[in-house]
Amino acid sequence: MKRKYFGPGVEGDDMTTVKRFRDDDDDGEVDFIADSNTIFIVKAPAVNSDVAGDNCAVDFIADSNTIFIAKIPSLNSAVPVKLSVVPIDCLYEDVLIEIFQWLPVKDRIRIEQVSKKWSQAAKKSWSNFRCMYGMKWEHLISIQSLRRGGRFVHKLDTSNLEYTNAEICETLSLAPNVKHVKLEMRNEAHVLTKLMQFSSQLKSLSLYMKRKPTAKTLNKLLSKCSQLEHLELVKVKGYRFEFLPSSLKVLAMNEVDSEQLAEVLIDQNIALRALFLPMNYSDPDPCRFLTGINLTKLRHLSIHISYASWLSLRAVADQLPHLLSLDLRITHHAQLENEMVETIVTNMQQLQCLSIKSNFREAPTNFAKLSNLKNLSHVLLHWVGPQATSELLRALILAGKLQYFVTNSYLTIDLVYEAMCKCKCLTHLWAYDVVDWSGEASIHRALDQIFGHGTAPTSPYDPRIRHLFLGYNKFEFAASHPWAVFYQNGSNFPEKQFSEYRVFPGEFRAW
């Protein structure tokens with residue numbers, strides 16, 4: 001058997017063509033057909049089924065010339081899985097290792113009990129264990145997995161767990177090569193001292209403080225983090241910063257003395273790439289932070305806008321011509337709405353991604369002028385209103401650059417059809433609801449018009465595949481289409497917003 005490693009979506013030169021299979025007998029399952037050389041066959045839920053997350057199967061088969069093995073549901077899953085019976089002696093250890101790497105962590109530990117051969121292979125399958133998010137795991141499972149693969153872990157997040165101080169330190173000890181750490185702490189001084197052991201290799205650090213840290217400890221830690229690029233601080237109250245790493249690129253903060261932190265940035269002349277300033281009720285104008293700091297390299301800005309903070313942002317808007325993404329959470333104020341649009345269009349011509357979450361009573365009359373941003377390709381609108389949302393979408397369709405559009409307003413089916421057909425790059429569309437919905441037939445017609453009837457992608461990782469959520473249960477009984485992924489639940493929709501500035505999944509804790 002030939003063994004050749006390749007990543008998702010990449011074919012080896014000796015690999016047979018991978019095809020996206022369809023549910024031809026309408027039994028709700030993807031049908032795999034393999035010849036006598038097949039060593040691993042999975043009959044699993046279809047891509048558009050209700051099964052989601054880690055239990056969702058990848059529709060690949062592997063034959064004797066390849067080792068691209070299908071991902072299968074958890075061994076304890078209620079999802080029925082039909083496997084061909086293959087004698088274990090027929091599989092080389094490296095093939096078993098490849099299979100085990102697809103398994104969830106808990107199953108990878110349990111599989112060691114099956115046989116001596118499986119135990120040896122399972123213990124060698126941890127090289128792809130790069131991230132540990134403790135939110136779903138018990139502490140014991142986390143420790144067991146780290147003892148096996150902790151040396152491979154680069155990202156460690158215990159922020160959603162009620163870990164004791166001792167448990168956090170034990171977890172850190174088992175991940176000697178960790179580069180990205182997210183912690184929620186009670187006894188800060190002891191944990192921060194432990195973090196100093198990793199300070200020279202840390203690339204990102206997120207700290208949620210439950211008590212005021214010891215001044216010397218945190219400043220000493222930051223002074224040793226020579227490679228730190230991402231820093232998130234939450235509830236670091238009453239603390240005086242003396243030093244920030246010169247390598248810092250991304251800063252997110254909430255309930256922090258922003259003015260004092262700004263003084264450190266100014267003194268050290270640190271030019272940030274991304275800045276996240278959430279609403280702080282104790283500080284009506286967090287945008288004062290922007291005055292005086294070096295904005296020449298700033299590419300992403302995420303802020304909560306009130307009237308006072310808008311005045312501060314407007315004062316530095318002419319220093320933001322290279323801004324690529326802007327995330328605004330806006331508190332209604334009649335005086336700033338139309339002016340806001342004019343300021344953005346005039347001063348931020350390079351914007352590619354724009355997110356607006358507002359409580360507008362009525363959207364600005366000039367809202368559609370945002371389409372004048374020639375590079376705007378990613379748009380997220382929340383609570384803007386259906387009329388203003390539709391007007392902006394029509395204007396963006398004419399511009400032809402749109403790739404990603406999300407709104408919690410409703411759209412008409414005609415507008416959805418027009419957007420899909422005319423925006424050739426629009427791969428992601430999320431709408432709270434669609435008016436005049438009569439089934440998925442119009443969506444299928446649009447897809448056939450774009451790609452041609454009867455065609456299909458060669459891989460499920462094809463970047464041209466459309467991702468669509470058009471309201472809850474809109475696609476519950478919809479026929480699948482090879483060029484689309486239909487989402488029943490909007491929460492599973494792929495998030496593209498500012499992903500280059502995110503180390504951990506989801507939004508920054510500062511929000």
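The values are calculated or read from the model by the stated rules, or taken from the named source; none is laboratory data. Predicted model, so just to flag it, every value in this text is computed and none were measured. So basically every Cβ, Gly included, is an ideal-geometry build from the backbone, and we count neighbours across all protein chains shown.
Return the only residue of T365, T331, T389, T346 being touching a strand residue (DSSP E or B) at 6+ places or on another chain (Cβ under 6 Å) and of a type in the set (S, T, N, Q). Explain how you work it out, then say what you get.
Details: T365 fails: touching a strand residue (DSSP E or B) at 6+ places or on another chain (Cβ under 6 Å); T331 fails: touching a strand residue (DSSP E or B) at 6+ places or on another chain (Cβ under 6 Å); T346 fails: touching a strand residue (DSSP E or B) at 6+ places or on another chain (Cβ under 6 Å).
Answer to the check: T389.
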**OP:** For the range 384-404, state whether one or more residues are at pLDDT below 90, outside any loop (DSSP other than H, G, I, E, B), over 25 Å from A446 (Cα atoms) and not aliphatic (A, V, I, L, M).
**Re:** no
**OP:** May I ask you to list the residues in the range 146-165 that are part of a helix (DSSP H, G or I) and at pLDDT 85 or above?
**Re:** L146, R147, R148, G149, G150, R151, F152
Original post:
For residues in the range 224-244 being within 22 Å of L298 (Cβ to Cβ) and in contact with a helix residue (DSSP H, G or I) (Cβ under 6 Å, 6 or more places away or on another chain), which is surrounded by the fewest Cβ atoms within 10 Å (Cβ to Cβ)?
Top reply: F243
Original post:
Given the structure, is L351 crowded, with 21+ Cβ neighbours inside 10 Å, within 17 Å of V406 (Cβ to Cβ), free of Cβ contacts under 8 Å to residues at least 40 places away in the same chain and of a type outside the set (G, A, S)?
Top reply: yes
Original post:
Say we look at the range 106-118 and pick out the residues that are in a helix (DSSP H, G or I) and exposed (fewer than 13 other Cβ atoms within 10 Å of the Cβ); which of these is modelled with the highest pLDDT?
Top reply: K116
Original post:
Of all residues in the range 416-441 being part of a helix (DSSP H, G or I) and surrounded by fewer than 18 Cβ atoms within 10 Å (Cβ to Cβ), which is farthest from the chain's Cα centre (by Cα)?
Top reply: A441
Original post:
What number of residues within the range 355-378 satisfy the criterion of being surrounded by fewer than 20 Cβ atoms within 10 Å (Cβ to Cβ) and either modelled with pLDDT of 90 or more or of a type in the set (F, W, Y) (or both)?
Top reply: 7
**OP:** Filter the range 182-211 down to residues that are over 16 Å from P245 (Cα atoms), in a strand (DSSP E or B) and free of Cβ contacts under 8 Å to residues at least 60 places away in the same chain, then give me how many there are.
**Re:** 4
